[in-house]
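The structure appears right after this line, and notes come after that.
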Amino acid sequence: MAHPTSSEQAATGPIAELVARARAAQRIYESWSQEQVDTAVLAAGWAIIEPKRNRELAELAVADTGVGNVEDKARKNYRKTFGLLRDLRGARSVGVIAEDPARGIVEIARPVGVVCAITPSTNPGATPANKIINALKGRNAVIVAPSPKGWSTAARLIEFIYAQFDRIGAPRDLVQLLPAPVNKQATAELMRLCDLVVATGSQANVRAAYASGTPAFGVGAGNVAGIVDETADTALAAERIVLSKTFDNATSCSSENSLVIVDAVRTAMLAALKDRGAVMLGAAQKAALRSLMWPEGKLSPAVIGKSAREIAERAAEQDTEGRKGWLAIAEHNPRILMVAEDGVGHDHPYSGEKLSPVLAIYAARDFEEAASTVERIYAYEGAGHSVGLHSARPERALQLGLTLPVSRVIVDQAHCIATGGSFDNGLPFSLSMGCGTWGKNNFSDNMNYRHYLNITRVSRPIPEQVPSEQEIFGDFFARHGAA
């Protein structure tokens, strides 16, 4: 059980009251059995998965944030939550969770207490649901601090969760929401008073979480690059990349932002992308789009989470000289807008994260140069996250994993769907991907229920096993002597 800190005991006001109510509910909940906890987990999952509720949340998310599209939001709400429930099914999170008689170790799961869940506007339903369910699996209470634009979606989700909690007799105060209007001061106070912060969203939020004085898990910046080498099946690669880059209008941190194509398949790959609705822009259009996307050096909300067609129409409004060309592009309902790029860094904003179906295309002589290009991109932005690879040579995935600053190498898959766990790969379902120290994070896993646990270890004596010096140093002495 987590006890209030001295600073928390001295705190007053609405945020302190939220935390106090959460602690009272958590003290009740931590006595629940594994079966009861799993029932609470399923109740929270059903709150978002039930089709009518899922649809309402997806529509509300798009209406309030202006980001993404309803159909993909609904798919994400369902798939990510259902996959998480699959991962949690049968997982032990109450009492003894592991025993190793040979080592004399018993592991006991303990709650962390009250979790502060920072969630972004890009996934205002799926991400809160994921964090709530994981927190509940560990017998914790959770208070959601959403982005202001995502507040109403999170509020509606929690209303649905309360209705399910009432059915099973769970305390409502296990899941709460930071009151509107959400601001930095209230979020900072919540982070300070809780026992664990799990932050997904802007790097400003992640840095604030790490600086809060409370233990925190935060995620690194997204800016995924993919490599298509000379052995790739270009038709399959294009299918996967387009699926990934267009899903929910590329709002995922796991959507490709750059594609590095080896010269031997560049023509075939670009043709395959074109066949699937991707349009390569000319130099003048690239310059005009840059003005639209980064009017003052910062990515504009005018393009975030918008479709390629919407972006082309907005470009037509702004680029009077090129209006006719933009309208022609929009008329054909493009799925992706592509730009040829060779530079990296602040003077080449297309090399960074775009949160829209705009894809930078880089050329490379061979696989080695492609890997080097990705390394340059990640030195600017996106280090630690992941890299995509489309190749018939499996050893190249291992090479990328050994040399690039990435926590995941996603091979021959639709990247944004695969990275956060999928039914056809072994990664845990998650919407929060750790990026390791490369991305200024303290973990490199897909965040999962074990991150919401304290684990106590009982150690019992076992027969002593002391190796000889020869066993330890023998090979060393043989090679280098015993001096």
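Taken together, the values in this text are just the output of simple stated rules run on the coordinates, not laboratory data. All figures in this text were calculated on a predicted structure; none of them were measured in a lab. Virtual Cβ from ideal backbone geometry, glycine too; neighbours counted across all protein chains shown.
Annotations for the structure displayed:
- With the helix formula -39500 (n - 2.57) applied to DSSP H stretches of n ≥ 4, the chain reaches a computed 222 nm mean residue ellipticity of -14000 deg cm²/dmol.
- Each peptide among 256-262, 187-193, 350-356, 266-272 gets the average number of other Cβ atoms lying within 10 Å of its residues, and from highest to lowest they stand as 256-262, 350-356, 187-193, 266-272.
- Comparing Cα centroids, the stretch 8-50 and the stretch 268-291 end up 49 angstrom apart.
- The chain, dipole about Cα centre (Lys/Arg Cβ +1, Asp/Glu Cβ -1), debye to the nearest 20: 1180 debye
- Cut-off under 5 Å, modelled amide H: who pairs with VAL142 long-range: VAL115, VAL175, GLN176
- Note on the chain: dipole from Cβ charges, positive end direction compared against LEU398, ALA238, ALA170; the farthest Cα belongs to ALA170.
- Cα shape, the stretch 1-153, gyration tensor, a/c 1.5 rule: oblate
- The distance separating the Cα centre of the stretch 96-151 from that of the stretch 310-334 comes to 45 Å.
- Among [x] 0.99; [y] 1.02; [z] 0.96, the entry that matches Rg/Rh (Cα atoms, Kirkwood Rh) as calculated here: [y]
- The charge dipole of the stretch 273-326, taken about the Cα centre with unit charges on the Cβ atoms of Lys, Arg (+1) and Asp, Glu (-1), comes to about 160 debye, rounded to the nearest 20.
- Within the chain, the cysteines lacking any other cysteine Cβ closer than 4.7 Å to their own Cβ are CYS253, CYS416, CYS435.
- For ILE108 and ARG172, a Förster radius of 25 Å and the Cβ-Cβ distance give a FRET efficiency of 0.35, rounded to the nearest 0.05.
- Filter on LYS52/LYS274; LYS52/LYS324; LYS149/LYS440; LYS52/LYS184; LYS137/LYS354 - keep pairs with C-alpha separation over 31 Å: LYS52/LYS274; LYS52/LYS324; LYS52/LYS184; LYS137/LYS354
- Whole-angstrom gap from the stretch 394-453 to the stretch 177-255, using each part's C-alpha centre: 13 Å
- Evaluating 6.51 cos²θ - 1.76 cosθ + 1.60 at θ = phi - 60° for every residue in the stretch 281-292, the Karplus couplings come out as 7, x, 4, 5, 5, 4, 5, 5, 5, 4, 5, 6 Hz, glycine and proline recorded as x.
- Dipole size of the stretch 224-419 about its Cα centre, with +1 on Lys/Arg Cβ and -1 on Asp/Glu Cβ: approximately 400 debye, rounded to the nearest 20.
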